[in-house]
Amino acid sequence: MTGYKRILAGWAAAMAAGYGVQAAMIDVTADITASQTWTADNEYVLNQIVFVKSGATLHIEPGTVVRGLSAADAGEPTGLWICRGSKLIARGTREKPIIFTDMDDNNFPWVDPAEVYEDYATINPTATLRNKAEMWGGVVICGGAYTAVSSTANTGPLVTTTTLAEGLADPGAGETQYGGADDDDSSGVLSYVSIRYGGYGFAPASEINGLSLYGVGRGTQIDHIEIVGNLDDGIEFFGGTVNTKYVAILNVGDDGFDVDQGYRGRGQFIFVMQGFCDADGVAGSGIGNHAFEMDGVEKSDDNRPWALHRYENVTVIGNRYRGTSNTGISGGETDSTALQIDDNCRPQFFNCLIMDVDSMIAGVEGDNAKVDSYEGLSATWNAFPTHTPGVGALANTPFYYQAQATNATQTAFRNFVVFNCNDTYRLCKTGSNNARSADIPIDAAWDFNVASTLPIRHLERESAGDASRPFPTAGNGLLPNVKALDPRPVSTWADSPYTPEDDGFASSVNYYGAFAPTGDTWLDGWSALATSGMLVKSGSGELAINQAAFSVGFAAEIGTAYTLYASTDAGQTWAPVAGATVIADKTNVTLADFGVSDRSKLYKVLAD
């Protein structure tokens, strides 16, 4: 286990940085049956799937590192499993996040960047570590909220309490069971938590995700979450009602958000950056598949409760992969449609910024003989289905559907900005195989915008020709992983006509995407994206809200000075834009003119 040696070296770096030496490596080899606290002066090594049993609470202090052995080293998969009836209180801070990772990673806020191991100085795979996924398992939480899993058609809601989580056989005391009749159930708190380089596949469609949420209720607090390089999905929701806020899914090997079994929660400030975590992988197993893969109920699409949920302020940076068919519209599980919506799932999306997608922006299933997702485009928000509740289930239908906005249909795409996406196939109706069957007309009232220039401040990708960086052989449009970015929107997209209502969950902001146009991002300071140096700030000045802006990104020669020039007389005379000169220190540069009041201006970039 070479990781132990590397961790010892990391302790010295941590002490030099003033954080203090880790006191001990604690091997966790048994389940947790009574409440306990994991402290930041130790590192905890998961040697197995560790179950926190019903009735117990596991507290994890801010700044604590939890590591998982690989299945090869442990002889079995490893991970942390919160059973129904137990709780996880993992409340980190921006200065001291809680980190779940593999045995070697030391890319932490309290480690000097010069001391971070080369393999982990970036979240991307390196030539010496081609596969940054499946280094351990992940975090699993089982709750007691309603799910929709019945094989009997046209029924529900049912109180289902014996459903077993994917992959792992139940040890015998109900540890992997989930579901119930309490949509307000609480499984604890996860805040400022980074989960890295995990994922374990028991079998196809049976995996440990970065964060797996089985029947988790809305009484659970989940915010400021980062999932990096997981082999399968970033987060998967199996029913339940839990809400999520400030979530980043980066370079996972399948879907960013995966939804199933009648999920009915909300999300705000969601960032999905698609890429690859296994240079030898394929789409859905090492290469990012869908940013959102959204299935309604399991087994029979007319069962209840329906999957009515809502997302606000979403940024998706795709990978332009078109799938094995090289069309992006032929369906299957290999294309990279940003929002894949099936099985009568009916989500609402508001204030979304989506870029670099060469498959469909959204594929909405619409050929179901029963009810389907496409019908949600014309269904008012409160057109709830007729329920036939089972024993112990509440008969009050509106109780089940508390997530959606009242100013849109049940399936809705409102206030979008798209850039460098497929110009032909945007919103599409699909068949049961996810292949495009027709276009969905985009209503002018939906505020669907196509940007002609980069809508965020900066984006730079790895070089596909760099021999020191691995790159999959998948082809078909696949782009290299993102190398550096400033995800804040340029001021053109800093003012959306939609503002979420202040209802106790959502923040009332009126910009497109997951990040505010000014100030620090919510990833600054604590995330792997930030501590790796990949999260940058572009532009010498802050954006002027409610004013227009011009920005241009271009290929540059390192060491050369570039200046942005503007003309207000149709190109007769040109003047340099104040503050818009840069000496390139990278091969992709962005220059901008902030606070533009004259939309007739012309621009050009000259090398000095």
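The values are calculated or read from the model by the stated rules, or taken from the named source; none is laboratory data. Predicted model, so just to flag it, every value in this text is computed and none were measured. Positions of Cβ are generated from backbone atoms using ideal geometry, with glycine treated the same way; all protein chains shown enter the neighbour counts. Ligands, DNA and RNA are excluded from the accessible area calculation, which covers all protein heavy atoms including side chains. Shrake-Rupley method; radii C 1.70, N 1.55, O 1.52, S 1.80 Å.
This table checks each residue for (1) under 17 Å from GLY296 (Cβ atoms); (2) touching a helix residue (DSSP H, G or I) at 6+ places or on another chain (Cβ under 7 Å); (3) among the aromatic types (Phe, Trp, Tyr).
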| residue | (1), (2), (3) |
| --- | --- |
| THR386 | yes, no, no |
| ALA405 | no, no, no |
| ALA412 | yes, no, no |
| CYS421 | no, no, no |
| LYS429 | yes, yes, no |
**Prompt:** Among the residues of the range 399-442, how many are farther than 18 Å from ASP372 by Cβ, assigned to a strand (DSSP E or B) and open to solvent by 20 Å² or more (accessible area, probe 1.4 Å)?
**Reply:** 2
**Request:** Working only within the range 296-331, note down all residues that are in a loop (DSSP other than H, G, I, E, B) and among the small types (Gly, Ala, Ser).
**Result:** GLY296, SER300, GLY318, GLY323, SER325, GLY328, SER330, GLY331
**Message:** Pull out all pairs, ordered by first then second residue, where Cβ-Cβ is under 8 Å, the residues are six or more apart or on different chains, the first lies in the range 518-535 and is surrounded by 16 or more Cβ atoms within 10 Å (Cβ to Cβ), and the second is assigned to a helix (DSSP H, G or I).
**Reply:** LEU523/LEU529; LEU523/ALA530; THR531/PRO113; SER532/TYR120; LEU535/LEU529
**Complete:** Within the range 160-181, the residues that are open to solvent by 30 Å² or more (accessible area, probe 1.4 Å), over 26 Å from the mean Cα position of the chain (by Cα) and among the acidic types (Asp, Glu) are ASP170
**Conditions (1) buried (at least 24 other Cβ atoms within 10 Å of the Cβ); (2) acidic (Asp, Glu); (3) not in a strand (DSSP E or B): number failed by ASP280** = (1)
**Message:** Exactly one of these conditions fails for GLU236: (1) outside any strand (DSSP E or B); (2) in contact with a strand residue (DSSP E or B) (Cβ under 6 Å, 6 or more places away or on another chain); (3) within 14 Å of TYR178 (Cβ to Cβ); (4) not β-branched (Val, Ile, Thr). Give me its number.
**Reply:** (1)
**Residues of the range 242-270 that turn out to be assigned to a strand (DSSP E or B) and either touching a helix residue (DSSP H, G or I) at 6+ places or on another chain (Cβ under 9 Å) or of a type in the set (A, V, I, L, M) (or both), as a count** = 6
**Message:** Taking the condition of being open to solvent by 40 Å² or more (accessible area, probe 1.4 Å) and farther than 17 Å from GLY253 by Cβ, how many residues in the range 102-131 meet it?
**Reply:** 9
**Prompt:** If you scan the range 371-385, which residues turn out to be open to solvent by 40 Å² or more (accessible area, probe 1.4 Å) and either under 12 Å from PRO305 (Cβ atoms) or among the small types (Gly, Ala, Ser) (or both)?
**Reply:** SER378, ALA383, PHE384
